[in-house]
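To keep things clear, I will list the structure first and then write my remarks on it.
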Amino acid sequence: MKSTSLPYCSPLSVRLINEGIAFILDEYCHKQLTNMPQALRRLMINKVNITARSFILIFKRNYLDNPDRVKISPQDLEKLSNLYETLRMFIETTGPKSKGKRDFKLRCKVLSDLTPMPAEEIEKFMHRGRQKFHLFGCLNEVIFEYLKLSDNKREILNHQFGYSYKYERIQKSKLAKKQNITKSSVTNAAAVIKRKTDDAIRRFKFLEPYYSYWEKYKLDGRVTEVTAEMCERIRKEEGADGITPYFVARVFAMIYNFRLHGVPCGGEVVYWLVPKKAGGRNIIQTPESEADKKSFERLFAKMRKDVEAMKNLTGPEEYMEIMDRMLKRGKNVK
C-alpha cells in the first residue's frame, strides 16, 4: 500500500462484515480524513459526517471510475488510496472469520488510531495462533496504564469502578474530601471516565475473530451468570492481574450485546448477562402453571431487599429466570 498509483478495483459490493463494528470503521475513516489537509478533505467530501461505506463509494466514483478526475498530488493520492485499501479489506469481507497475521496486524493498526495503546503493544497480547488473543489482559493494561486521565480521575477510576481487586472501593464522599472537591464533581468525573472506558472496551469488538469467549463460556443467547471461577480462570490464562467478576461481566456485556444486571445475594453481588434480543421467540422458560407462579411470588416477597435490587430488570421472564437460577445456586452452596 505504498504505491501512489490508483488501486485496482474489482466490482465492489459495499457490505460491512458486521454491523456491530461498523462504527469502528466509521470512526477510523473520520479520524483519518480529519488529519488530512482541509483542501483535500473538501475535494473528497462535501459533508461533515462521512462513513466508511460512503468514503469507499465516493473515492471509487470520483477517482477509480472517473477518467476526468481532478488531478491531485501523488502524496495526497497515496493518503486517500491507503485509506481506501484499508477500509476495502474489511468491507469486502463477507464474514467475521480471521484471515491470519496480516489481517490481525491491520486490525491492530486501526485500533491503535482509536485507542491510546500502540499497535505493537496490542499485538503482544496474541498468543499461540488464531483465537488466542488475550482481550482481558489487553484491556486491563489499556484502562489502567494507557488511558489518558488526570491524576484525580485516575484515582476515581481506581477506587470507584470496581474493575480491579488491587484498589479498595472508596465512597464518593470520602474521595471528594480527599481530593478537596464536591461529591457532584466526583460523580461528573466518574461519568467521563465511564464513557472513556466504555469506548475503549467497545472498540475491541474489532478483534472478535481472534478470541473465542462466546464458545468457551457458552454465551449462546441464554441468561448467564459471570462466576468468580470464570474470572479467576481468565486472570490466570491472560495475566489480567486483579480483574473482578464485574469487569469481566461488563466487557462481555459490551462486546456481545448483553444487558448486565447485578443482584445482591448472600452478602455479595452476582452478575448476570441477559440477551437483548430474543430472535422472535421466548429465550427464557416461565413457570408452567398458576401454582408455580404463586409459589415464585411468595419466595420473591420473602427476599425483600434482594428482590428490590432487581426492579430494573426489563421483563418478567428475565426476572423469573434469574431468580430460579439464584435459588438453584443457593441450594448448591448449601
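General remarks:
- Extending 7 Å from Cα along the Cβ direction at E215 and again at L114 yields two label points whose distance is 2.4 nm.
- Between Y167 and R102, full extension at 0.36 nm per residue minus the direct alpha carbon distance yields a gain of 19.6 nm.
- The gain in end-to-end length when the I72 to E85 segment is fully stretched comes to 2.9 nm, 0.36 nm per residue minus the alpha carbon separation.
- Remark: the S185-S150 segment gains 11.2 nm on full extension, using 0.36 nm per residue and subtracting the alpha carbon distance.
- For the residue pairs K148/K178; K177/K205; K71/K205; K124/K177; K79/K194; K132/K166, the C-alpha atoms sit more than 31 angstrom apart in K177/K205; K71/K205; K124/K177; K79/K194.
- Less than 5 angstrom separates the built amide H of V270 from those of V263, C265, all sequence-distant by 5 or more or on a different chain.
Here, each number is a calculation from the coordinates, and none is a lab measurement. Keep in mind that this is a model prediction, so the values were computed, not measured. Reconstructed Cβ throughout: ideal geometry from the backbone, glycine too, with neighbour counts over all protein chains shown.
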